1. Using the count of nearby Cβ atoms within 10 Å as a rough guide to exposure, how do Arg154, Arg99, Arg143 rank from fewest to most?
2. Could you estimate the translational diffusion coefficient of segment 107-166 from the Stokes-Einstein equation, with Rh from the Kirkwood formula over C-alpha pairs, at 4 °C and 1.567 mPa s, in whole µm²/s?
3. Arranged from highest to lowest average of other beta-carbon atoms within 10 Å per residue, in what order do the peptides 156-163, 68-75, 112-119 appear?
4. Okay, helix-only estimate at 222 nm for the chain: each DSSP H run of n ≥ 4 adds -39500 (n - 2.57), divide by all residues, round to 500 deg cm²/dmol; what do you get?
5. Could you sort the peptides 173-182, 21-30 by per-residue average Cβ neighbour count (10 Å cutoff), highest mean leading?
6. Quote to one decimal, in nm, the extra length available between Leu91 and Asp104 on full extension: 0.36 nm per residue of separation minus the C-alpha distance between them.
7. Suppose R0 equals 25 Å; then what is the FRET efficiency for Met42 and Ala159 from their Cβ-Cβ distance, rounded to the nearest 0.05?
8. Rounded to two decimal places and with Rh computed the Kirkwood way over Cα pairs, what is Rg over Rh for the chain?
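Read-outs throughout are calculated quantities, based only on the coordinates presented, and are distinct from any laboratory measurement. The structure displayed is predicted, hence computed values, not measured ones. Cβ atoms come from the backbone with ideal geometry, glycine included; neighbour counts cover every protein chain shown.
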Amino acid sequence: MTTQETRHGPQSVRGPRINKGLVIVNTGNGKGKTTAAMGVLMRAWGRDMKVVMLQFIKHTTANFGEQRAAEKMGVTVRAMGDGFTWRSQDLDASADLARALWEDAKEVIAAGEFDLVILDEFTYPMHYGWLPVEDVVDALKARPEMQHVIITGRHAPEALVEYADLVTEMNVVKHPYDAGIKAQPGIEF
């Protein structure tokens, strides 16, 4: 009998193990949500899985380290936003961009071409009320059986957390920003 450690302590796993595509949510106020998703992207790509990353909120012209690396790997990373929402001059336009990318994302998910779909910073459009959480969960339920989807961002809605197979909450213990240190290339972007 196999024993695994859960948040509730040691627990026996009974019955057959199943293979299924996972819905993974990286949320919380700490750094590392996108970074963790990129780590899985690298791992999946290394296993010859087809991977794609759709970035909500991040500006359409963004050229961060993850986009540069993905381009060298031949992996699609597409940003469709107008930057950080708290700096937006037009939140209606920000919402429209998020809704448009979600329409694209639903098609990507439903088509089943990719083994791993990452929806980066995707919790924000739900949190801000731009997208109904029920619509998102319905699309996830209808996805191909072995397709994995990773969703990142703060404020993951409870219905998404309930549906997901794996949820990790990143918490801040200490951050250099609090000491007046600016964001660093290769670390934050």
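1. Numbers: Arg154 16, Arg99 12, Arg143 19.
Ordered from fewest to most neighbouring Cβ atoms within 10 Å, Arg154, Arg99, Arg143 come out as Arg99, Arg154, Arg143.
2. Working: Rh = 11.8 Å.
Roughly 110 µm²/s, to the nearest whole number.
3. Numbers: 156-163: 15.4, 68-75: 13.5, 112-119: 20.6.
For the peptides 156-163, 68-75, 112-119, the packing ranking is 112-119, 156-163, 68-75.
4. Details: 6 runs with 64 residues, N = 189.
Value at 222 nm, helices only, nearest 500: -10000 deg cm²/dmol.
5. 21-30, 173-182
6. Values: separation 13, 0.36 × 13 = 4.68 nm, distance 2.00 nm.
In short, 2.7 nm is gained.
7. Numbers: r = 30 Å, r/R0 = 1.18.
It comes to 0.25.
8. 0.97
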